[in-house]
1. Would you call ASP61 among the acidic types (Asp, Glu) and at pLDDT below 95?
2. Can you tell me which residue within the stretch 74-106, out of those that are buried (at least 16 other Cβ atoms within 10 Å of the Cβ) and of a type in the set (A, V, I, L, M), is farthest from LYS145 (Cα to Cα)?
3. For the stretch 43-61, indicate whether the set of residues that are more than 11 Å from the chain's Cα centre (by Cα), hydrophobic (A, V, I, L, M, F, W, C) and either surrounded by fewer than 13 Cβ atoms within 10 Å (Cβ to Cβ) or part of a loop (DSSP other than H, G, I, E, B) (or both) is non-empty.
4. Considering the stretch 104-153 alone, what residues qualify as being in contact with a Ser or Thr (Cβ under 7 Å, 6 or more places away or on another chain) and closer than 18 Å to ASP42 by Cα?
5. Can you tell me how many residues in the stretch 133-153 are polar (S, T, N, Q) and in a helix (DSSP H, G or I)?
6. For the stretch 70-110, name all the residues that are more than 23 Å from SER33 (Cα to Cα), in a strand (DSSP E or B) and of a type in the set (A, V, I, L, M, F, W, C).
7. Can you pull out the residues in the stretch 27-60 that are touching a residue at least 24 places away in the same chain (Cβ under 8 Å) and acidic (Asp, Glu)?
8. Tell me, yes or no, whether the stretch 120-132 has at least one residue that is outside any strand (DSSP E or B) and more than 17 Å from VAL27 (Cβ to Cβ).
Amino acid sequence: MSDNMQENENGSEDLSITPSSGSDYEVAFSYHSDTVLERAYDKAEHWMKAGVKPNKILLEDRNMSVINFRKVMRDPILIQAGVERFIDFRCSLTLSDTDVDAVFSSVCYYEEGCEPTYINAYDPELNSIKDVLSKVGENLFNYLKKPLLSNNK
């Protein structure tokens, strides 16, 4: 386990660690729908809690249509190659009737037992990490575009 992911007395992860300096690189994605995204905030909140299962929810503000969370996940691209690497990020979602902005910040990656490496514009792993974050964003956007189920029988 990384030094940045200490376990507290009850065995859960301590996610209060402040990212190191130089971890301010952001990866931003914007998605636009030609049709109105029905109940975008409610659906995004459900996607986050039921699908992403964040390690910590930092902010949920329906009035501003903003959801911020932190997630630590296994790198799904490298799992296929037999490598277990973790990606730790904060995500800020801003939703409107037709657009979703996803900004990933404090993004780092690490293998178990190693110190995290925060990405920057010169990191050789940047494209790989962007691919993973893009999949997260696309997954949300595809979920938001699905029409609500009708209860009509």
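The values are calculated or read from the model by the stated rules, or taken from the named source; none is laboratory data. Since we're looking at a predicted model, the values are computed, not measured. Ideal geometry is used to build each Cβ from the backbone, glycine not excepted, and the neighbour counts take in all protein chains shown.
1. no
2. Restricting to residues being buried (at least 16 other Cβ atoms within 10 Å of the Cβ) and of a type in the set (A, V, I, L, M), the top hit is LEU78.
3. yes
4. Within the stretch 104-153, LYS145 is the sole residue that qualifies.
5. Initial filter on the stretch 133-153 (polar (S, T, N, Q)): 134, 139, 142, 150-152.
Now restrict to residues that are in a helix (DSSP H, G or I): 134, 139, 142.
Result for the stretch 133-153: 3.
6. VAL72, MET73, PHE86, ILE87, PHE89, VAL107, CYS108
7. Residues satisfying the conditions are ASP34, GLU38.
8. Looking for residues that are outside any strand (DSSP E or B) and more than 17 Å from VAL27 (Cβ to Cβ), one finds none in the stretch 120-132, hence no.
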